[in-house]
1. Only one of 257, 247 is on the phi > 0 side of the Ramachandran plot, away from the ligand (no atom under 16 Å from the Cβ) and of a type outside the set (S, T, N, Q). Can you tell me which?
2. Among the strands (runs of 3 or more DSSP E) lying completely within the stretch 1-69, list those that include at least 1 residues that are surrounded by 18 or more Cβ atoms within 10 Å (Cβ to Cβ).
3. Starting from residues that are among the hydrophobic types (A, V, I, L, M, F, W, C) and in contact (Cβ under 8 Å) with a residue 24 or more places away in the chain, keep the ones in the stretch 75-87 and report whichever is nearest to residue 17 (Cα to Cα).
4. Check every one of the helices (runs of 4 or more DSSP H) wholly within the stretch 302-385 and list those with 3 or more residues that are modelled with pLDDT of 95 or more, among the aliphatic types (A, V, I, L, M) and within 13 Å of the ligand (Cβ to nearest atom).
5. Would the stretch 285-295 turn up any residue that is within 13 Å of the ligand (Cβ to nearest atom), outside any helix (DSSP H, G or I) and without any contact (Cβ under 8 Å) to a residue 40 or more places away in the chain?
6. Go through the stretch 162-176 and count every residue that is in contact (Cβ under 8 Å) with a residue 24 or more places away in the chain and outside any loop (DSSP other than H, G, I, E, B).
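The values are calculated or read from the model by the stated rules, or taken from the named source; none is laboratory data. Everything numeric here is computed off the predicted structure, so don't read it as measured data. Note that each Cβ is placed from the backbone with ideal geometry, even for glycine, and that neighbours are counted across all protein chains shown.
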Amino acid sequence: MAANDKVLVLNTGSSSIKFSLFGGTAPSLLFKGRIENLFSGPTRFVVQDTSNEVVHEQSWPDPLDHAAGMRALLDYLAQQPGGRDLRAVGHRIVHGGALYSGPQWLDDTVLTALEALVALAPLHLPHNLAAVRAAIAMAPGVPQVGCFDTAFHRAQPELAQAFALPPDITDLGIRRYGFHGLSYEYIAGRLPDADPALASARVVAAHLGNGASMCAMARGRSVASSMGFTAVDGLPMGTRCGAVDPGVVLYLIDQLGMDVAAVQDLLYLRSGLLGVSGISSDMRTLEASGEPRAQLAIDLMVYRIGRELGSMAAALGGIDALVFSGGIGENSVALRAAVCRDAAWLGVTLDPEANAAPGGGVVRISTASSTVSVWVVPANEELMIARHTLDILGQP
Ligand code: ADP
């Protein structure tokens, strides 16, 4: 591999920086890791090789901020072969607004436009931008590229992006954006490798991790998504509630006297699997628990996925394939079985053996005669970002 072919991919949150280093034109993963407990300390830095073996660990008793975390990462990279010569940094950025339907060079103009979007994603975008600023300051001259979770959904029909609100409200940017777009774009790209017919198919994909959403795709393009104005809409998630009647929010404020911070805390951090079960936001813990409340939380997630699946099939005018991805979608045999059981009316027939041991890579888990084919596709947003970053560098 040439020395200057490394792309660093960053996914920065409020308390962590997840990173992956890619090399080559394909590109392929060299190593990955995370810096966690930023701001709350002790901050921990972990690097894993491509087999997930921990190859480096470091910790600081006092918490680091984003800039200090970035410094530690760049110092580590500088000690690695070719790590001083980054070709580019690709950033996962939660929001690109209505403007950006693809990756962008993060120049001053784009950064100014993104600053103006902070109000749309106040929990995530400031942290994404903090990492961009730190990377620009510490690696001057290295191109910085932004890849947006919303961009893939900008292809949706206008109706799919609209709320039934007056135009003066819509004009403020209050509309459906959709998220997890990099994951869905990756899935759309992988499916035709497994079955070329899927390139022109009607596909519903479910990215089920700590955040969870579904996306309807026709011919590899997003047609509808379960997440809307924010990433709290749609399915119940680890700690997020998913869709609730907006009247609930009014009631919480008006009758229970909750302020914005309290409502946000409830809807984002104390709901979903954690809120319903009262036990955990982690699907593994819930599946291992014998508690009825744990089962109720799982049942509610399965039920909402089934309802959303019907809605997505309607948006597509039918469905040819169903895809599971994300930590839960890739690993929970029981959840996939329950979703597919409920989707029998759509023509889904699961192959229980294939479902029990899907292995790695893109795997079909439906029977050969199932009208709707069902797939497991491991999520890889980082690779999507690395590809986008290299693509944009190649453009004039
Ligand atoms: P994030 O959205 O933070 O990237 P992940 O995609 O890693 O999260 O998904 C995390 C979820 O995946 C957790 O609920 C976790 O319990 C679940 N998960 C991981 N492995 C398994 C497993 N073997 N069985 C069931 N659920 C699993």
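1. Numbers: 247 fails: on the phi > 0 side of the Ramachandran plot.
Exactly one of 257, 247 is on the phi > 0 side of the Ramachandran plot, away from the ligand (no atom under 16 Å from the Cβ) and of a type outside the set (S, T, N, Q), namely 257.
2. Working: elements: 6-12, 16-23, 28-36, 43-48, 54-60.
Qualifying strands (runs of 3 or more DSSP E): 6-12, 16-23, 28-36, 43-48.
3. Here is the first cut: in the stretch 75-87, the ones among the hydrophobic types (A, V, I, L, M, F, W, C) are 77-78, 86.
Add one more test, that the residue is in contact (Cβ under 8 Å) with a residue 24 or more places away in the chain, and what stays is 77, 86.
On the way: 77: 14, 86: 18 Å.
Only one residue tops the list, namely 77.
4. Values: elements: 326-331, 333-342, 352-356.
Because the criterion is at least 3 residues that are modelled with pLDDT of 95 or more, among the aliphatic types (A, V, I, L, M) and within 13 Å of the ligand (Cβ to nearest atom), the helices (runs of 4 or more DSSP H) in the stretch 302-385 that meet it are 333-342.
5. Within the stretch 285-295, one or more residues are within 13 Å of the ligand (Cβ to nearest atom), outside any helix (DSSP H, G or I) and without any contact (Cβ under 8 Å) to a residue 40 or more places away in the chain.
6. Our first condition is that a residue be in contact (Cβ under 8 Å) with a residue 24 or more places away in the chain; within the stretch 162-176, this holds for 163, 173-176.
Within this subset, residues satisfying the condition of being outside any loop (DSSP other than H, G, I, E, B) are none.
Result for the stretch 162-176: 0.
Quick grid of which residues meet (1) without any contact (Cβ under 8 Å) to a residue 60 or more places away in the chain; (2) not polar (S, T, N, Q):
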residue	(1), (2)
42	yes, yes
50	yes, no
63	yes, yes
66	no, yes
89	no, yes
109	yes, no
148	yes, yes
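Listed here are the residues, each with its yes/no results for (1) at pLDDT below 95; (2) in contact with a Ser or Thr (Cβ under 9 Å, 6 or more places away or on another chain); (3) outside any helix (DSSP H, G or I).
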residue	(1), (2), (3)
114	no, no, no
132	no, yes, no
141	yes, no, yes
146	no, no, yes
153	no, yes, no
